[in-house]
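Novice: Quick one: this structure, given as structure tokens, is what I'll be asking you about.
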Amino acid sequence: MLYLANAHILVDRRQREFGKGSGVSHLFKDRALESARYLQKTGIFPADKCVGVRKDIRKRYPWVMLNLFTAFLEAKQIASDQTASLVASLFETGSLSLEARHDFEVDLYPYGVKANRHLLEIITRYSFEQGLTPRQIGLKEVFYAPALEL
């Protein structure tokens, strides 16, 4: 699976030293500004994480994908609830404006193929356009059929 790195440069770390004077730097000087610009322009916050399950595991334990997906969703909800609890006092005291509350409600990291279909199709298109794949690969070729509904 190919993913867009969140405005980072990709380097084979086995063959490159990092640190001051290495000549390796971020693609954009202000990554936060560039991420915000790209989100505003496209509605996409680039994905940079993926969980995969080997075919032999999926065949042996057909329930594993749904269970993993459910577990990740539950963990995400716990983290979201904790964040909401932590920032609630900032809204109540005026440290954060009430208008900013909406920003905390936006889900920048939707889980699942269904929720990320638009992004995944763009990734496969970019991969083809940039010569990383010989043709644009369909999502049905990449994902296990039941995962397309998650």
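Novice: Just give me the residues in segment 25-49 being surrounded by 13 or more Cβ atoms within 10 Å (Cβ to Cβ) and under 19 Å from residue 120 (Cβ atoms), in sequence order.
Specialist: Correct list: 35, 38, 39, 44, 45, 46, 47.
Novice: Next question, about the same structure. So, residue 79, is that one of a type in the set (Gly, Ala, Ser), within 16 Å of residue 150 (Cα to Cα) and either surrounded by 12 or more Cβ atoms within 10 Å (Cβ to Cβ) or out of contact with any strand residue (DSSP E or B) (no Cβ under 7 Å at 6 or more places or on another chain) (or both) or not?
Specialist: Numbers: of a type in the set (Gly, Ala, Ser): yes; within 16 Å of residue 150 (Cα to Cα): no; either surrounded by 12 or more Cβ atoms within 10 Å (Cβ to Cβ) or out of contact with any strand residue (DSSP E or B) (no Cβ under 7 Å at 6 or more places or on another chain) (or both): yes.
Against the criterion (of a type in the set (Gly, Ala, Ser), within 16 Å of residue 150 (Cα to Cα) and either surrounded by 12 or more Cβ atoms within 10 Å (Cβ to Cβ) or out of contact with any strand residue (DSSP E or B) (no Cβ under 7 Å at 6 or more places or on another chain) (or both)), residue 79 does not qualify.
Novice: Give 68, 86 a once-over and let me know the one that is surrounded by 13 or more Cβ atoms within 10 Å (Cβ to Cβ) and in a helix (DSSP H, G or I).
Specialist: 68
Novice: Here is a list of conditions, (1) touching a Lys or Arg at 6+ places or on another chain (Cβ under 7 Å); (2) under 18 Å from residue 42 (Cα atoms), and residue 144 meets all of them except one; can you say which number that is?
Specialist: Exception for residue 144: condition (2).
Novice: For a quick check of your reading of the model, give me the residue pairs whose first member lies in segment 50-74 and is under 21 Å from residue 120 (Cβ atoms), whose second is among the aromatic types (Phe, Trp, Tyr) and part of a helix (DSSP H, G or I), with beta-carbon atoms closer than 8 Å and at least 6 apart or on different chains.
Specialist: Qualifying pairs under 8 Å: 51/72.
Novice: When you go through 76, 55 one by one, which is the residue that is within 18 Å of the chain's Cα centre (by Cα) and assigned by TED's automatic domain parsing to the domain that holds residue 103?
Specialist: 76
Novice: Residue 94 passes all but one of (1) closer than 30 Å to residue 144 by Cβ; (2) exposed (fewer than 13 other Cβ atoms within 10 Å of the Cβ); (3) among the small types (Gly, Ala, Ser); which number fails?
Specialist: The failed condition is (1).
The values are calculated or read from the model by the stated rules, or taken from the named source; none is laboratory data. If you're wondering where the values come from, they're calculated on a predicted model, not measured in any experiment. Positions of Cβ are backbone-derived with ideal geometry, glycine not excepted, and every protein chain shown enters the neighbour counts.
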